[in-house]
1. So how compact is region 57-109: Cα radius of gyration and Dmax in angstrom?
2. Which length gain, in nm to one decimal place, applies between Val28 and Lys66 when the Cα-Cα distance is subtracted from 0.36 nm times their residue separation?
3. Given 0.36 nm per residue, what is the gain on full extension from Leu104 to Asn51 after removing their alpha carbon distance, in nm?
4. If you put +1 on each Lys and Arg Cβ and -1 on each Asp and Glu Cβ, how big is the dipole of region 32-94 around its Cα centre, in Debye rounded to 20?
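Since every read-out is calculated from the coordinates, none of them should be taken as a lab result. For clarity, every value in this text was computed on a predicted model and none was experimentally measured. Here the Cβ is made from the backbone with ideal geometry for all residues, glycine too, and neighbour counts use every protein chain on show.
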Amino acid sequence: MRLKEFMQPGGKVDYQKDWNKISMNEKVQFIKGFLGKKGYTPPQIGAIVGNLLQENDTLVTSRENKTSRALGIAQWLGPRKKALMSTGNPYNIVTQLEYLDKELRGNDHWTNNI
């Protein structure tokens, strides 16, 4: 499925329904565009996308590690997973990207040195 076919009339996208139907390249391009609109630089975007692909090589938002129970594109675990799950739509790609952006810009102990 091409990205333009993925777009619904009026520019609305049903990410929860169709995210897993688009190609990996289209997923990566969407994530890169999302991060670019958030103000990340190309090297930062490359590092983030590379890390996401190491965490979840399918970028499937509902992917859960069978051993650790880590979830999503960034394989959130523990209190971070709990916070993601409280967002109301944790399996939506935009929700997960917004949550990732919030974490990267936050004051949590693990992001203090970024």
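1. 10.5, 30
2. Working: separation 38, 0.36 × 38 = 13.68 nm, distance 2.42 nm.
Between Val28 and Lys66, full extension yields an extra 11.3 nm.
3. Working: separation 53, 0.36 × 53 = 19.08 nm, distance 1.28 nm.
Additional length available on full extension: 17.8 nm.
4. Values: 9 positive and 3 negative charges, 35 e Å.
Around 160 debye, computed over region 32-94.
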